[in-house]
Each structure stands twice: as structure tokens, then as C-alpha cells.
Amino acid sequence: MLKPCPRCESQRVVYCNYGKRIGGTVGTVAGAFSGATTTASGVAVGARLGMNAGRVAGPAGAALGAVTGALAGCIAGLRLGKLVDEQLLCHFRCLDCRAHF
């Protein structure tokens, strides 16, 4: 059960997850970009060495790398965001008077 608002004593209080939301979004985008570029550069090197399968599987490998990187980045971002929420930001917001506490 959430604690009541200290300003207006309302029970209509929600938990704010600002850090988790921002951290998850940034981590997902950064992880997807990193995974796609790392995989694409590895596939390009393989294709130059004479692997014909590398040319065909290149886009699929880059997409798989982007998805894997996005997942890893999202998890890392959520963990960091949770830490920021707990240590730095306000935990609750009152829906009646809009106070953060």
C-alpha cells in the first residue's frame, strides 16, 4: 500500500518510474545501435575474406545483433534507472494536488 500524500492526505498516489523509463529507452536505443554496427562490421570482414554466405546473411546478422544489443541495453538501462529512482528522484506523485514526494 502506498503512503498518503503529506500535502493533502489523499490516498490517490502513484509510484513514479522516471529513471527506469528514461534509462530503459536510452539503453534500448544505444544497445540496438551498438549491436547492429558491431555485427555489421564483423559480417563485412567475413564477406571480404571470401565467405559468400556473409553477403547473404549480412542483413539478418545485423538485425539479430541489433535485437540482442537492444535487449542487453534495455536491461542495463532499467537497472541503472531503478538505482536513480531509489537514490535521487522522488518516489511518489499525488494525483490530486500533483505534489512529488
Quiz item: How far apart, in nm, are the 7 Å Cα→Cβ label points at Ile75 and Ile22?
Solution: 2.5 nm
Practice problem: Return the FRET efficiency for the residue pair Cys8, Leu88: r is the Cβ-Cβ distance, R0 is 22 Å, and the value is rounded to the nearest 0.05. | Solution: 0.35
Self-check item: Computed FRET value (nearest 0.05) for Thr37 with Tyr15, which takes r as the C-beta separation and R₀ as 35 Å
Solution: 0.45
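Throughout, read-outs are computed from the coordinates displayed, never taken from laboratory work. In this text, all values refer to a predicted model and were calculated from it rather than measured experimentally. So basically every Cβ, Gly included, is an ideal-geometry build from the backbone, and we count neighbours across all protein chains shown.
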